Amino acid sequence: MLKNRAMANKMLKAALWYRNEQDLGVIPIIAGKKTPCLTQWKPYQERKPSIEEIEQWWGRDYPNANIGIVTGKINNLTVIDLDKPEAKTEIEKHIPDSLLMPTVKTPKGQHLYFLYNPDIPNKANLFPGCDARNDGGYIIAPPSTNGAGHAYSFLVHLKNTALSKIPEALLIYILSYLKTRARVVPSTERGDSNNKQQIATVSNIIFKEGGRDEMMFHLANSLIRGGMPTGEVQQYCMFIAGNCKPPFPENEVLRKIESAFQRRGRSDITATESIRNWIAQQWSNISATMYQQDATISITPQDKHKIRTIFARLAKEGLLVRDENRAGYYRVIDKECLKLDWHNTSHHAIEDFRLPFGFEQFVEIYSSNLIVIAGSKDAGKTALLLNIARYNYKRHKIKYFSSEMDDSELNVRISKADDLDLDEFDRLVTFYNRDRNFADVLDPDAVNIIDYYEITDAFWNIAGEFAKIREKLNKGIAIIAIQKDRNMQLGRGASFSLEKPRVYMTVDNIFPDNVLKIISAKNRKENAPNPVGFERRFKIVQGINLRATDEGWNLPCVE
């Protein structure tokens, strides 16, 4: 139930973002299909839905619906839909290297978002592997999923990249393709008794006076980008020019070929700038192959070699460092350091934040702090974390990420909590199912509870993973549970797991009680005793309620 509700809230939030932030009209689409939920959606080709309509659709009528963005004049949007790799390769030949457009990764290919152009038809199979969506159409938008659960996601986000006009070369290519396919001559006019039709051939190509310069340049540019030798480029262009009506002068053809070669030279500079811009948006290890997959560029063998050369040159310039463990991979050099203004800052301890058994009496918890609870199996990690949410949900924003519990188990546990307003708790605490890459989804200004951080090998990496979470935090904090062997003092990662947390606790089941022990505690409150080594003994009732079985925090007795 909670999981379905979270998904519905996600889709509603996304639909409202498209409407409020991007001024785009959206409609609900049946989940797993491409059919509108609405029996009559055509009115929304003429007007954009109201906020109230969107809230009713995704908030009540169709909570699990995907999101469709209406294309065409109403949203000033034309979309090219690429379903096959060869279509993507063909389209990229006609897009400048420097052009960046909103791009969506779809289950089968990509959507390219452009400013509305009335000349492009709303048409399936515009050419093999490519559709166009315009007046009278719509496209499925992120974060929708298809029937197999594969998601639509932004490669180049709409919020960061403005819509651009369809490039002239691409527009000419599409329109000329449509014109050529539509230009048919009845075979009876050719003396064929069979009433069939034939597509126009090179013998009757027509370049209009106003557009033939562009067409000839586009032809030469496409042949050059495809790697054709200079002599053959000239032969093909001359052949086409000689069959044009009206004829295309030979000296003009040569000038177009020369201009295309000059543009190819300039594209090396443009490609370098494009790669630099792409690198500036990355933070992990990267490769030339990853750039080719993300960027809107041609992928001819010549281009691949050029991209690898540019990457190697940027490494020599000091922008990248080669990965010694993986050939072809690089790490982006990060020279950014945040200066700490310790002299002018104010006291930023989080007010009225509670921890199990009143442990907050010993330490201050500051913004961006990490708290780790390392627990052996069935020792009570989840019960401790749920109670931290209980203690603080009325005063702090809580995000709870669970890697194991589903809706049903969560419902059973929480419903047995003593003195808890379930409706209020459900409204104020957001639960998510998540088991990896927590830094990507946590709220920088909330209390983020991670139950639990699973690591099965390369345990020393846990320090780096905690650092990623720490770097993402702003005014918020993270409480992280990790696994622990009951015979070991520390959790998985051992001393590496101690590097970032300001508070580190362990919990074990030591018959007849559960034992919570303090391993590390920084930022001790004034006049408070040092709590390192302190323990509390307790029992868990009905999976969530904590019952202390001792008198308070104390050092364990040594017999």
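The values are calculated or read from the model by the stated rules, or taken from the named source; none is laboratory data. This is a predicted model, so every value here is computed, not measured. As a convention, Cβ positions derive from the backbone with ideal geometry for all residues, glycine included, and neighbour counts pool all protein chains shown.
Counting just the residues of segment 11-33 that are of a type in the set (A, V, I, L, M, F, W, C) and surrounded by fewer than 19 Cβ atoms within 10 Å (Cβ to Cβ), which one comes out nearest to the chain's Cα centre (by Cα)? Write out each step before concluding.
Here is the first cut: in segment 11-33, the residues of a type in the set (A, V, I, L, M, F, W, C) are 11-12, 14-17, 24, 26-27, 29-31.
Within this subset, residues satisfying the condition of being surrounded by fewer than 19 Cβ atoms within 10 Å (Cβ to Cβ) are 14, 16-17, 30-31.
Numbers: A14: 13, L16: 18, W17: 16, I30: 23, A31: 20 Å.
The selected residue is A14.
Quickly run through segment 530-559 and pick out the residues that are polar (S, T, N, Q) and either surrounded by 14 or more Cβ atoms within 10 Å (Cβ to Cβ) or closer than 15 Å to P512 by Cβ (or both).
Of all residues in segment 530-559, those polar (S, T, N, Q) come to 530, 542, 545, 549, 554.
If the condition is that a residue be polar (S, T, N, Q) and either surrounded by 14 or more Cβ atoms within 10 Å (Cβ to Cβ) or closer than 15 Å to P512 by Cβ (or both), then N545, T549 are the ones that fit.
Just a yes or no: is a residue in segment 526-539 of a type outside the set (D, E, K, R), within 24 Å of M405 (Cα to Cα) and in the same structural domain as Y393 (by TED's automatic domain parsing)? So that I can check it myself, show each step before the final result.
We begin by selecting, within segment 526-539, every residue of a type outside the set (D, E, K, R); these are 527-534, 538.
Applying the additional criterion that residues be within 24 Å of M405 (Cα to Cα) yields 538.
Narrowing further to those that are in the same structural domain as Y393 (by TED's automatic domain parsing): 538.
Yes, that holds for at least one residue.
Which ones in segment 480-502 are within 25 Å of I544 (Cβ to Cβ), among the hydrophobic types (A, V, I, L, M, F, W, C) and either in contact with a Gly (Cβ under 8 Å, 6 or more places away or on another chain) or surrounded by fewer than 24 Cβ atoms within 10 Å (Cβ to Cβ) (or both)?
Answer for segment 480-502, where residues must be within 25 Å of I544 (Cβ to Cβ), among the hydrophobic types (A, V, I, L, M, F, W, C) and either in contact with a Gly (Cβ under 8 Å, 6 or more places away or on another chain) or surrounded by fewer than 24 Cβ atoms within 10 Å (Cβ to Cβ) (or both): A481, I482.
Give the residue, chosen from L12, L2, that is within 28 Å of V441 (Cα to Cα) and either among the polar types (S, T, N, Q) or at pLDDT below 90 (or both).
Values: L12 fails: either among the polar types (S, T, N, Q) or at pLDDT below 90 (or both).
After ruling out the rest, the residue left standing is L2.
Quick check, is A463 out of contact with any strand residue (DSSP E or B) (no Cβ under 8 Å at 6 or more places or on another chain) and farther than 20 Å from I365 by Cβ? Can you show your working first?
Working: out of contact with any strand residue (DSSP E or B) (no Cβ under 8 Å at 6 or more places or on another chain): yes; farther than 20 Å from I365 by Cβ: yes.
Against the criterion (out of contact with any strand residue (DSSP E or B) (no Cβ under 8 Å at 6 or more places or on another chain) and farther than 20 Å from I365 by Cβ), A463 qualifies.
Got at least one residue in segment 514-529 being farther than 13 Å from I373 by Cα, modelled with pLDDT of 90 or more and surrounded by 19 or more Cβ atoms within 10 Å (Cβ to Cβ)?
So far as segment 514-529 goes, yes, one or more of its residues are farther than 13 Å from I373 by Cα, modelled with pLDDT of 90 or more and surrounded by 19 or more Cβ atoms within 10 Å (Cβ to Cβ).
Residues checked against (1) farther than 30 Å from S222 by Cβ; (2) part of a strand (DSSP E or B); (3) not assigned by TED's automatic domain parsing to the domain that holds I275:
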site: L16; (1), (2), (3): yes, no, yes
site: P28; (1), (2), (3): yes, yes, yes
site: K48; (1), (2), (3): yes, no, yes
site: E52; (1), (2), (3): yes, no, yes
site: E55; (1), (2), (3): yes, no, yes
site: D81; (1), (2), (3): no, yes, yes
site: T89; (1), (2), (3): no, no, yes
site: H94; (1), (2), (3): no, no, yes
site: L99; (1), (2), (3): no, no, yes
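Can you tell me which residue in segment 434-479 is surrounded by the fewest Cβ atoms within 10 Å (Cβ to Cβ), limited to those that are more than 24 Å from the chain's Cα centre (by Cα) and small (G, A, S)?
As a first pass, look at segment 434-479 and keep what is more than 24 Å from the chain's Cα centre (by Cα): 456-460, 463, 479.
Next, only the ones that are small (G, A, S) stay: 458, 463.
Details: A458: 9, A463: 15.
Of everything passing the filter in segment 434-479, A458 is surrounded by the fewest Cβ atoms within 10 Å (Cβ to Cβ).
Can you tell me how many residues in segment 112-159 are part of a strand (DSSP E or B), of a type in the set (S, T, N, Q) and free of Cβ contacts under 8 Å to residues at least 60 places away in the same chain?
The qualifying residues number 2.
Kindly list, by first and then second residue, each pair from a residue in segment 372-400 that is at positive phi and buried (at least 20 other Cβ atoms within 10 Å of the Cβ) to a residue that is among the aromatic types (F, W, Y) and part of a strand (DSSP E or B), limited to pairs with Cβ atoms under 9 Å and residues at least 6 apart or on different chains.
The qualifying pairs are G380/F538.
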